[in-house]
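The values are calculated or read from the model by the stated rules, or taken from the named source; none is laboratory data. Since this is a predicted model, take the numbers as computed values, not measurements. With ideal geometry, Cβ positions are generated from the backbone for all residues, glycine too; neighbour counts draw on all protein chains shown. These area figures cover heavy atoms from the full protein model, side chains too; ligands, DNA and RNA do not enter into them. Shrake-Rupley method; radii C 1.70, N 1.55, O 1.52, S 1.80 Å.
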Amino acid sequence: MAAQDRMEKIVSLCKRRGFVNSASEIYGGFANSYNYGPYGSELKKNIKDLWWKKFVNNRSDIVGIDGPIILHPKLWEASGHTTSFNDAMVDCKECKSRFRADNIVEDATGQDLEGKLEQMKQLLDEKVNCPNCGKRNWSDVKNFNMMFKTSMNTTGVCDEAVAYLRPETAGAIFIEFKNILDSTRQKIPFGVAQIGKAFRNEIVAGNFIFRLREFEQMEIENFIAPDCDWQSMFEDWLVLQEEFAMELGAKKDKLRRYEHPKEKLSHYSKKTVDIEYEYPFGFKELYGLAHRSDFDLKVHSEKSGEKLEYFDEATNQRYIPHVLEPTFGLDRSILVALDSAYCEEEVNGEQRVVLKFPPKVAPVKAAIFPLLKNKPELVSVAKQVFDNLKTSFVCEFDDNGNIGKRYRRQDEIGTPFCITVDFDTLENDTVTIRDRDSLEQIRISSKELKDYINQKIA
Ligand code: ATP
């Protein structure tokens with residue numbers, strides 16, 4: 001299937017079945033903002049829960065926080081975001097389209113000129129036609145700050161003070177370092193995790209939920225000693241990030257690593273690697289891992305006057321910890337789960353569309369059907385089965401249409417198990433359970449259903 005077709009099919013399925021749709025549609029839509037519908041929000045929640053369990057609850061060396069979206073503006077001055085969280089922007093004077101200048105220069109010439117505005121302008125004028133209208137008539141290339149500004153009435157009188165919607169979640173972790181340390185008594189090395197919304201006024205958002213202006217991140221700041229063997233920890237984190245992507249369904253050969261060349265690293269970073277995934281539109285960043293040295297704690301110590309240090313009782317040393325930061329985009333994780341799951345197959349001469357999510361990720365775990373809607377005795381037993389299972393798993397009850405149609409609907413939302421209550425159930429309390437992927441149907445006692453599903457999900 002052609003890549004663009006595949007993407008269009010995934011987008012269309014997402015809208016048709018209530019995973020993701022363009023938001024504010026009744027007002028004509030609103031600049032790349034998306035709504036997660038009933039199945040999309042379950043899918044998102046499952047991914048967040050898996051992440052939190054894997055990286056917080058199942059470990060004793062990582063704790064979680066949930067910081068505010070609007071933080072003190074001085075944080076963003078200290079971190080350099082107000083002055084340098086910029087992308088290069090250029091307009092086509094002919095068709096008025098707006099682009100990220102570095103991206104279109106790289107696409108057309110293969111040259112990566114990030115940060116070099118004058119060289120970008122020169123190459124644009126010499127070699128690059130507008131990807132939209134094909135003409136070549138460019139504006140100047142300008143830096144565009146991606147932070148969303150808002151204002152806050154801080155005093156109760158109406159004096160407007162500028163504040164920002166956070167462009168990444170990490171900031172709150174750094175400025176809370178001392179409180180976290182005091183309240184948890186964690187010993188280095190330890191990590192602090194957070195899941196939450198971040199906002200970036202991207203010059204060009206797009207590719208569905210790949211690049212949004214409002215998105216969610218799952219980040220961990222690992223605080224380490226300055227002189228420790230960070231290289232092996234770095235490698236371990238890359239493996240954990242790849243492992244997490246594979247738990248969402250990604251195939252290993254669709255993942256690759258991209259190490260940022262030395263000359264392109266941020267001035268404070270010792271090493272940065274992106275985990276890329278092959279989306280239908282090509283290999284692009286999914287997750288990132290960076291060694292941020294002591295940059296963050298150091299600048300916040302300097303600018304706030306609060307010492308953000310660690311005292312190592314074993315060595316009697318006091319120091320500013322260094323940081324390894326694995327960062328995971330939640331919306332990109334969802335896109336990976338959808339793309340990895342999407343399948344079209346022929347079954348008995350008919351085509352079926354199926355989302356083969358790993359059971360842990362699937363928004364609905366089991367659907368319960370009475371064989372016939374007009375037989376109250378079947379409907380009532382099926383409702384009992386549903387009531388019994390819904391306390392343990394997200395389940396659906398469906399008595400609409402013939403069984404084949406109900407299966408197709410559940411296949412399209414990726415439900416791993418479909419349970420049918422038929423006339424034999426009334427005799428011997430057994431039900432059929434159909435496996436979404438193998439299509440195999442077995443009969444089991446309705447009392448065994450919970451254990452059976454639990455075992456398959458685990
Ligand atoms: P890109 O190069 O794609 O712009 P980035 O390097 O700026 O990404 P980071 O600042 O490292 O991204 O952000 C951490 C993670 O947050 C990314 O790996 C990605 O999964 C996610 N992310 C970043 N920007 C967006 C966005 N605009 N929409 C959705 N997810 C995003």
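List every residue pair whose Cβ atoms sit under 7 Å apart, with the two residues 6 or more apart in sequence or on different chains, where the first one lies in segment 1-26 and is aromatic (F, W, Y) and the second, anywhere, is in a loop (DSSP other than H, G, I, E, B).
Note: pairs meeting the criteria are F19/G37.
When segment 329-341 is examined, which residues are found to be surrounded by fewer than 23 Cβ atoms within 10 Å (Cβ to Cβ) and in contact with a strand residue (DSSP E or B) (Cβ under 6 Å, 6 or more places away or on another chain)?
If the condition is that a residue be surrounded by fewer than 23 Cβ atoms within 10 Å (Cβ to Cβ) and in contact with a strand residue (DSSP E or B) (Cβ under 6 Å, 6 or more places away or on another chain), then L330, D331, A341 are the ones that fit.
Kindly list the number of the only condition in (1) touching a His at 6+ places or on another chain (Cβ under 8 Å); (2) within 21 Å of R211 (Cα to Cα) that fails for Y39.
(1)
Grab the strands (runs of 3 or more DSSP E) fully contained in segment 49-121, keeping just those with 1 or more residues being farther than 23 Å from N179 by Cα and among the polar types (S, T, N, Q).
Those strands (runs of 3 or more DSSP E) span 86-91.
Taking A108 as the residue in question, decide whether it is open to solvent by 40 Å² or more (accessible area, probe 1.4 Å) and at negative phi.
Here the answer is yes, as A108 does meet what is asked.
Can you tell me which residues in segment 90-115 are in contact with a helix residue (DSSP H, G or I) (Cβ under 8 Å, 6 or more places away or on another chain) and either outside the structural domain of E126 (by TED's automatic domain parsing) or acidic (D, E) (or both)?
D102, D112, E114
Scan segment 1-47 for residues that are among the aromatic types (F, W, Y), more than 25 Å from P416 (Cβ to Cβ) and touching a helix residue (DSSP H, G or I) at 6+ places or on another chain (Cβ under 9 Å) and jot them down.
The answer is Y34, and nothing else.
Can you confirm whether segment 268-276 contains a residue that is open to solvent by less than 10 Å² (accessible area, probe 1.4 Å), closer than 20 Å to I320 by Cβ and touching a residue at least 12 places away in the same chain (Cβ under 8 Å)?
Among the residues of segment 268-276, not one is open to solvent by less than 10 Å² (accessible area, probe 1.4 Å), closer than 20 Å to I320 by Cβ and touching a residue at least 12 places away in the same chain (Cβ under 8 Å), which makes the answer no.
Per-residue answers, yes or no, for (1) within 16 Å of the ligand (Cβ to nearest atom); (2) within 24 Å of L43 (Cα to Cα); (3) in contact with a Leu (Cβ under 6 Å, 6 or more places away or on another chain):
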site: E216; (1), (2), (3): yes, yes, yes
site: N222; (1), (2), (3): yes, no, yes
site: S232; (1), (2), (3): no, no, no
site: E235; (1), (2), (3): no, no, no
site: F244; (1), (2), (3): yes, yes, no
site: K251; (1), (2), (3): no, yes, no
site: K254; (1), (2), (3): yes, yes, no
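In this structure, is K307 assigned to a loop (DSSP other than H, G, I, E, B) and open to solvent by 40 Å² or more (accessible area, probe 1.4 Å)?
yes
Away from the ligand (no atom under 13 Å from the Cβ), among the acidic types (D, E), more than 27 Å from the chain's Cα centre (by Cα) and modelled with pLDDT of 95 or more: is that true of E346 in this structure?
No.
Give me a count of the residues in segment 205-214 that are open to solvent by 30 Å² or more (accessible area, probe 1.4 Å) and either away from the ligand (no atom under 16 Å from the Cβ) or touching a Phe, Trp or Tyr at 6+ places or on another chain (Cβ under 8 Å) (or both).
The number of residues fulfilling the criteria is 3.
Out of V105, V141, report the one residue that is within 16 Å of the ligand (Cβ to nearest atom) and of a type in the set (A, V, I, L, M).
Sole residue among the options that is within 16 Å of the ligand (Cβ to nearest atom) and of a type in the set (A, V, I, L, M): V105.
How about segment 170-187: which of its residues are of a type in the set (G, A, S) and open to solvent by less than 80 Å² (accessible area, probe 1.4 Å)?
A170, G171, A172
Considering only residues that are in contact with a strand residue (DSSP E or B) (Cβ under 8 Å, 6 or more places away or on another chain) and away from the ligand (no atom under 12 Å from the Cβ), which ones fall in segment 264-277?
L265, Y268, K270, K271 - these are the residues of segment 264-277 that are in contact with a strand residue (DSSP E or B) (Cβ under 8 Å, 6 or more places away or on another chain) and away from the ligand (no atom under 12 Å from the Cβ).
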